[in-house]
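So the structure is just underneath, and the comments pick up after that.
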Amino acid sequence: MVRLGKLMSSLCKGFKPPEKLTVSEWADKYRKLSPESSAETGTWRTTRTPYLKEPMDAFNDPKVDHIVMVASSQVGKSECINNMIGYAIDQDPSSILFIQPTTVDAKEYSRLRIAPMIRDCPVLRKKVAAPKSRDSGNTILQKAFPGGIITMCGSTEAHALASKPVRYLFGDERDRWAVSAGREGDPWTLATARQITYYNKKAVEVSTPTIKGDSPIASAYMNGTQEKYCVACPHCGEYNDIQFDNIRFEKEESSVENEKVYKVSNIIYVCPRCGGVSTEQEIKHSRAKWIAANPGAYQHGTRSFWLTSWVSPWATWESAIVEYLQAIGNSQKMQVVYNTRFGLLFENRGDLEDEDSVMARREEYNAELPDGVLLLTMGVDTQDDRMEYEVVGHGHFGETWGIKKGVIMGRPDTDEVWQALDDIAEHIYRFENGIGLRISLTFIDEGGHFTQEVRQRCAERRSKKFFAIKGRGGDGIPYTGPPKKQKIVIRGKAVGMCQVFEIGVDAGKAMIMDNIRVQTPGSKYCHFPKRDDYGAAYFKGLLSEHLVYKTDKKGQPRKNPWQWEKIPGHERNEPLDCRNYALAAAKAMEPDYDALERRLKGTSRQERTPVATAVRQPREARPRRRNSDYDEW
Ligand SMILES: [Zn+2]
């Protein structure tokens, strides 16, 4: 790792005409902050956000033609762009193209940030005519100045991107850009193609990061110098970038009108090298510098910077931690916290956990059924050559236990396969004290090539509480609703009717991923046994999908922008489906867990006919909301 700043400023000396300022010097001299867009108004001071000095001054480095900045919010990244634009207009004018995700974003940025900057900055106001003055050539999206013009547009406007050459290119919120500008392809590639005639071109791309594996700004960062803003530990002097993992705090939790409220105190930073403890103020006032992990990229002209809000003078650690605590259990809120507060890519797999760390918390069960289990359900996934199942135990407040996971090989229209499934379903699962439970409800996927066979076999097994289910993806579909009557058609002939539950599988996946994120046994926690059926393949399959934010060709969010997709390398997702169906079965029953617990505790230890308990229980655990559909149970 090399400190690039010194090296580069010495390299630059020979190139800079003496009368020219750097971007940071220009901003200190001329830039005034506008009340519309800044928390602070008045003269710009680079010393207030010292971490922006080097990214801004990279704009003056003739060896650098590409600047990448990954940043959380509240670090001043928009002001950093504005300073470069103001500098270009005043000091080194040429054509500027400034691209936002959409045209609406471009208009808003122009109105709220560019126009006030020009108005409040006398050197710019003299050069850029107000849009309302006649023949100024200026509109919201286009402003002329001596020696150049700035054009602002959305990433979808292929026409604007493919026309005249530009020397300066700015791309804001890159991770929210359209994947393609109309049919013309990647908008960033289209825009940079317009710069090739300029030997002294500059391309600047900036964004808050989004989802791991699907973040253009993160890819651009990797191709650059990969610089992180590192702070010297006040104890040992080692430079490290501040990460949430090294911040400790105490919290008090209370409930106000059913909303959890957190009070955070004793926030400290623990140095990963020496373990020394520092306060937020000590860290924010300590020596700091950019350190490059890939300094060789400077030779290719790309400097990339990654900035988190932990060093921002405006964002307090307390507010970030409180937002984090409030987002626990809600993956969409958690992504916002990761992206905008921590400045980190989000991976929707239980707080960036991978399958190995979930597998590592497997535990020894003292019996087939650990204490705490009150109800058993089974989820079955149907494939052309096999059926996969999982038996899941349920306790109070959504706590679950993996009880048994298995595969029955064979076509799902054969007696052998269903007999094997009957054996699993009829087995009595026992606690350490000998008391046993049976599976109360089994949900079997009717998707695939054996829909009618699954319906028929389930209809034959109604006394065993087998039900066919149909999974549906998409937002807003409830996890479970009442079952619907469906025909069973075998070889073209209607042979009967059966009840089919429709399952909102996306609601289930979100719940499973949220529950896996919970780290301490109790409410929502997922227990897994230390056994071969819960091995590496199981966890790879359970954590096989993540939420991806989808936009249409115009870069607008789709109607349901959040979609579940398989993570590359995780093609087998049956364990996730089985778990999903088993949880849906428990949800469909909505049992009174207090009653189930009373009944289990009331069963005498001497009673050696526990089967009776188990058989009685699911009948009494029927949903209280009855209708004609349920009456057939
Ligand atoms: Zn230290």
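Once the Cα atoms are used to define both axes, helix 451-460 deviates from the longest principal axis of the chain by about 40 degrees.
Average projected area of the Cα convex hull of the stretch 442-596, in nm²? The partial results should precede the final answer.
Working: hull surface 50.8 nm².
For the stretch 442-596, the mean projected area of the Cα convex hull comes to 12.7 nm².
Solvent-accessible area per residue in the chain equals 45 Å², computed with a 1.4 angstrom probe and all protein chains kept. Apolar share of the accessible surface for the stretch 429-511: 47 percent from carbon plus sulfur atoms, 1.4 Å probe. Where the centroid of each part is defined by its Cα atoms, how far is the stretch 407-464 from the stretch 196-252 in Å? The distance from the Cα centre of the stretch 407-464 to that of the stretch 196-252 comes to 51 Å. The magnitude of the dipole of the chain, with charges of +1 and -1 set on the Cβ of Lys/Arg and Asp/Glu and taken from the Cα centre, is near 1860 debye. Determine the shape class of the stretch 200-304: with a ≥ b ≥ c the square roots of the Cα gyration tensor eigenvalues, call it rounded for a/c under 1.5, and otherwise prolate if a/b is greater than b/c, oblate otherwise. Judged from the Cα gyration tensor, the stretch 200-304 comes out oblate (a/c at least 1.5, b/c at or above a/b).
Across the stretch 235-246, rounded Karplus estimates of 3J(HN,Hα) from the backbone phi angles (6.51 cos²θ - 1.76 cosθ + 1.60, θ = phi - 60°) give 8, 10, x, 6, 8, 9, 7, 6, 10, 4, 4, 9 Hz, Gly and Pro being marked x. Take the alpha-carbon centre of the stretch 162-185, take the same for the stretch 295-314, and report the distance between them in whole Å. Each part's Cα centre sits 22 Å from the other's.
Evaluated at q = 0.11, 0.23, 0.26 Å⁻¹, a Debye calculation over the C-alpha positions of the stretch 429-519 (equal weights, vacuum) places log10 I(q)/I(0) at -0.43, -1.10, -1.21. For the chain, what is the relative contact order in percent, using Cα pairs closer than 8 Å and at least 6 residues apart in sequence? Relative contact order for the chain comes out at 13 percent.
For the stretch 139-193, averaging the sequence separation of C-alpha pairs within contact (under 8 Å, six or more residues apart) and dividing by the residue count gives a relative contact order of 31 percent. Using the alpha-carbon atoms, what tilt in degrees (0 to 90, nearest 10) does helix 77-91 show relative to the longest principal axis of the chain? Approximately 20 degrees, to the nearest 10.
Most tightly packed first, judged by the mean number of other beta-carbon atoms within 10 Å of their residues, the peptides 78-86, 295-303 read 78-86, 295-303. Counting Lys and Arg as +1 and Asp and Glu as -1 over every other residue whose Cβ lies under 13 Å from the Cβ of residue 368, the net charge comes to 0. Measuring nothing but protein heavy atoms, the accessible surface of the stretch 73-164 at 1.4 Å probe radius is 55 percent carbon and sulfur. Structure note, pairs 32/251; 333/559; 284/566; 201/228: Cα-Cα distances above 30 angstrom occur for 32/251; 284/566.
The HN-Hα couplings worked out from phi for the stretch 197-210 by the Karplus form 6.51 cos²θ - 1.76 cosθ + 1.60 (θ = phi - 60°) are 6, 9, 6, 10, 5, 9, 10, 10, 10, 9, 6, 6, x, 10 Hz, whole numbers, x standing for Gly and Pro. The residue list 596, 583, 269 was ranked by how far each Cα lies along the charge dipole of the chain toward its positive end, using unit charges on Cβ atoms, and 269 comes out on top.
Shape class for the stretch 325-461, computed from the alpha carbon gyration tensor (a ≥ b ≥ c): oblate, with a/c not under 1.5 and a/b at or below b/c.
If I take all pairs of Cα atoms in the chain, what percentage of them are more than 34 Å from each other?
Value for the chain: 54 percent of Cα pairs lie more than 34 Å apart.
Rank 225, 141, 162 by how far each Cα sits towards the positive end of the charge dipole of the stretch 91-246 (+1 on Lys, Arg Cβ; -1 on Asp, Glu Cβ) and give me just the farthest. Result: 141, furthest along the dipole toward the positive end. Relative to the dominant Cα principal axis of the chain, helix 505-517 is inclined by about 80°.
Below 8 Å between Cα atoms, with a sequence gap of 6+, how large is the relative contact order for the stretch 412-555 in percent?
The normalised contact order for the stretch 412-555 reaches 15 percent.
Given the options 477, 525, 513, identify the residue whose Cα lies farthest towards the positive end of the charge dipole of the chain (+1 on Cβ of Lys, Arg; -1 on Cβ of Asp, Glu). The residue sitting most towards the positive pole is 477.
The values are calculated or read from the model by the stated rules, or taken from the named source; none is laboratory data. The model shown is predicted, which means the values in this text are computed figures rather than measured ones. Neighbour counts are summed over all protein chains in view; Cβ atoms, including those assigned to glycine, are modelled from backbone coordinates with ideal geometry. Protein only, heavy atoms only, side chains kept; ligands, DNA and RNA dropped before computing areas. Shrake-Rupley method; radii C 1.70, N 1.55, O 1.52, S 1.80 Å.
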